[in-house]
Amino acid sequence: MGYTIGPFAGRKMPWKAWRPMDERLKFIARVLDGEKMAPLCREFSISRKTGYKILRRYNDSGLQALTDRSRRPYRHANQLPFQIETLIVRLKRDKPAWGAPKIRERLRRLYPDVHCPAISTVHAVLDRHGLVQRRRRRRNRATGTALSAPNEPNQLWCADYKGEFMLADRRYCYPLTITDFASRYLIACEALATTKEAYAFTVFERAFREFGLPAAIRSDNGIPFASPNALFNLSRLAVWWLRLGIAIERIKPGNPQQNGRHERMPERSHQALAMRCPAQLYRPSQRPYQGLPELDYPFHDKAVIVTTCGRIGFNTRKINLSQVFAGQMVGIKQVDARIWLVSFMHYDLGYFDDETCRLEPVANPFGPKVLPMSPE
């Protein structure tokens, strides 16, 4: 009489489905009476492997081995001893300003012989006990930069889209204009169908080839000159300018008068130019456009290429940087134990620790400069 009732009828039944205790007792009793394993397993509809496993467990632990065993693991892979978890909570309450990295370092120093949990595990403990303060995500608000007032050509160019208007065929036109600040010379005025940066790249490259490179370019904070969601509000166009050695100037939002000279750009004699025309004062730049120079980081530990999704690889981890740097090479340098600095050209972008691999930006190098107070 075999145990062949139910969904396993006619099939070999695994141990976990062979639940009834009395059936296991019958099976062991008949094995101990000397019956052969193979015909018994066929009769009870289990495999010989399962039959030998039952017999082995009985020989090791007696009748207790025939009861159902809990499938719960003895401990979870990431479960901390309660003493360590209690200590983490106590340290946080004693030092409310400490985060997971400092608490982990404190644990490591207090108990050097105990396996120290990862920073992410410490953070999870703090979060579980309600000790993590959620910070609202701050938007990158544009603030403008320091503005120069040069009196020589090509020290500063100004760029802007001169509004938009609809053509007779009901398509919109976006005129991209570029002028020289000192001479008011109109370098470019291109009618574009969109403000997408791909079209702006073409206009600026043509201007660079014809007139050379300026020392700086001033613009507003709109697309494609800036990007509201990127690191330091940079855009791909702005990063390209930086690669060419062109500094960035941005007016303060809502203050178009800071680019007022560009707003008034008629090609005529001008009183501010001693009644001369812009073309009489302007001359091409002495810095010819020769494409992008090679980037080198001789004082950094390594140089890496930013991926198309805006990340850099560190060992087997990924650090989010910004998509505006996609394809660019950045330098990484260790500045402290487990702390690394990320730089682009001579601009420091931010720091990350080699465990959480989360970038903390430095103060905006393209933001307004805070001047020291004058001595009394």
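The values are calculated or read from the model by the stated rules, or taken from the named source; none is laboratory data. Keep in mind the model is a prediction, meaning the values are calculated, not measured. With ideal geometry, Cβ positions are generated from the backbone for all residues, glycine too; neighbour counts draw on all protein chains shown.
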- Is it the case that TYR351 is more than 21 Å from the chain's Cα centre (by Cα), surrounded by 16 or more Cβ atoms within 10 Å (Cβ to Cβ) and not polar (S, T, N, Q)? no
- Message: Here is a check on your reading of the model: is MET345 surrounded by 14 or more Cβ atoms within 10 Å (Cβ to Cβ), among the hydrophobic types (A, V, I, L, M, F, W, C) and touching an Asp or Glu at 6+ places or on another chain (Cβ under 9 Å)?
- Response: no
- Check ARG170 against each of (1) among the charged types (D, E, K, R); (2) under 25 Å from ASN233 (Cα atoms); (3) without any contact (Cβ under 8 Å) to a residue 60 or more places away in the chain and name the one condition it does not meet. (2)
- If a residue has to be basic (Lys, Arg) and outside any strand (DSSP E or B) to count, how many in the stretch 317-370 make the cut? 3
- Scanning the stretch 132-163 for residues that are buried (at least 18 other Cβ atoms within 10 Å of the Cβ) and at pLDDT 85 or above, the one farthest from GLU85 (Cα to Cα) turns out to be PRO153
- Message: Could you tell me how many of the residues in the stretch 328-342 are within 26 Å of ALA100 (Cβ to Cβ), crowded, with 18+ Cβ neighbours inside 10 Å and of a type outside the set (Val, Ile, Thr)?
- Response: 2
- Note on the structure: Restricting the stretch 165-221 to residues that are among the acidic types (Asp, Glu) and surrounded by 20 or more Cβ atoms within 10 Å (Cβ to Cβ), the one nearest to GLN258 (Cα to Cα) turns out to be ASP220
